[in-house]
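Step one of this worksheet: look at the structure below.
The values are calculated or read from the model by the stated rules, or taken from the named source; none is laboratory data. As the structure is a computational prediction, the values presented were derived from the model and not from experiment. Here the Cβ is made from the backbone with ideal geometry for all residues, glycine too, and neighbour counts use every protein chain on show. These accessible areas exclude ligands, DNA and RNA; they are computed on the full protein's heavy atoms, side chains included. Shrake-Rupley method; radii C 1.70, N 1.55, O 1.52, S 1.80 Å.
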Amino acid sequence: MASDVDETPESPLVGEAATVVVLRDGAEGVEVLLLERPHSGSFAGAWVFPGGKVDPEDGDGEAGLRRAAVRETLEETGLVLEPTGLFPLSHWIPPIGAPKRLRTWFFLAGHPGADVVLNPGEHVGCEWMTPEAALERHGAGGVVLVPPTWVTLHRLLGARGVDEALARAGGDGFERYFSHPLRGDDGVRAVMWSGDAQYEDASAVGDARHRLWIDALPWRYEHSKV
């Protein structure tokens with residue numbers, strides 16, 4: 001697991017969370033299960049993937065993350081997943097200074113075939129959407145997304161089915177995203193990740209880009225490798 005320094009005594013990480021991007025084959029390509037959060041509390045009104053905080057009884061390491069991912073998915077959707085059926089995708093670290101900093105590990109998994117049964121205390125709605133449709137609706141102001149969800153959906157664009165989406169994840173483990181804000185006079189303009197010329201120093205000069213512009217809809221993603 002990652003051992004990079006991504007906290008300070010003033011802004012510690014307060015735990016870990018596990019998230020599952022549940023996929024199924026649809027008529028227009030791969031579809032992703034998105035859950036609508038209540039319109040108050042944390043991530044108010046956002047559409048998110050199933051997941052939640054890793055509990056002590058889940059254990060340590062990747063095995064503990066997998067147990068937490070399976071448990072949280074069952075609690076939130078009624079879907080029964082197997083820990084061995086989870087494919088590592090990414091892990092996300094909030095910016096230093098953000099409230100409640102949880103390092104969150106993302107997995108991909110195929111839909112086990114059962115109906116989704118929401119926990120009414122956790123979410124108020126759910127939909128299966130293609131990544132294209134979800135990003136289009138977000139860009140038009142129809143759904144609320146947070147940057148990790150947006151970027152994950154962007155990575156799945158064009159996948160013709162579950163097998164292709166899982167193959168894209170590859171076998172290299174979790175891709176790391178330690179988020180840094182790029183601020184302007186009117187607040188945060190973009191979120192940056194490693195590979196951006198201004199990632200460590202906002203005044204640096206260079207053409208390399210790995211950022212998501214979030215100052216206006218639709219959001220714009222720049223990645224020099226894409």
Near the amide H of GLY15, under 5 Å away, which other amide H atoms are found, from residues 5 or more places off or on another chain, if H is placed in the peptide plane? ARG103
List the residues whose amide H sits under 5 Å from the amide H of SER194, counting only those 5 or more places along or on another chain, with H placed 1.01 Å from N in the peptide plane. PHE178
Going through the range 150-210, which GluC sites (Glu not before Pro) have at most 14 other Cβ atoms within 10 Å and a DSSP loop state? GLU200
So with the 1.4 Å probe, I'd like the accessible area per residue for the range 133-208, rounded to whole Å². 52
Please sort by residue number the trypsin sites (Lys or Arg not before Pro) in the range 8-108 whose DSSP state is loop and whose Cβ has at most 13 other Cβ atoms within 10 Å. LYS100
Residue by residue through the range 127-140, the couplings from Karplus 6.51 cos²θ - 1.76 cosθ + 1.60 with θ = phi - 60°, in Hz, x for Gly and Pro, are 8, 8, 10, 5, x, 4, 5, 4, 5, 5, 5, 5, x, 8
From the phi angles alone, apply the Karplus equation (6.51, -1.76, 1.60; θ = phi - 60°) to the range 70-81 and give each ³J(HN,Hα) in whole Hz, x where the residue is Gly or Pro. 5, 4, 5, 5, 5, 5, 8, 10, x, 7, 9, 10
Amide H partners (placed H, <5 Å) of ILE214, local residues excluded: ALA190, VAL191
What is the P(r) of the range 148-226, as percent of Cα-Cα pairs per 10 Å bin from 0? 16, 45, 29, 9, 1
Could you give me the radius of gyration and the Dmax of the range 86-225, taking only the C-alpha atoms into account and expressing both in angstrom? 16.4, 51
Karplus ³J(HN,Hα) for the range 85-98 (6.51 cos²θ - 1.76 cosθ + 1.60, θ = phi - 60°; Hz, whole; x = Gly/Pro) runs x, 9, 10, x, 10, 7, 9, 10, 10, x, x, 4, x, 5
Could you check what % of the DSSP bridge pairs in the range 8-128 are antiparallel, to the nearest 5? 70
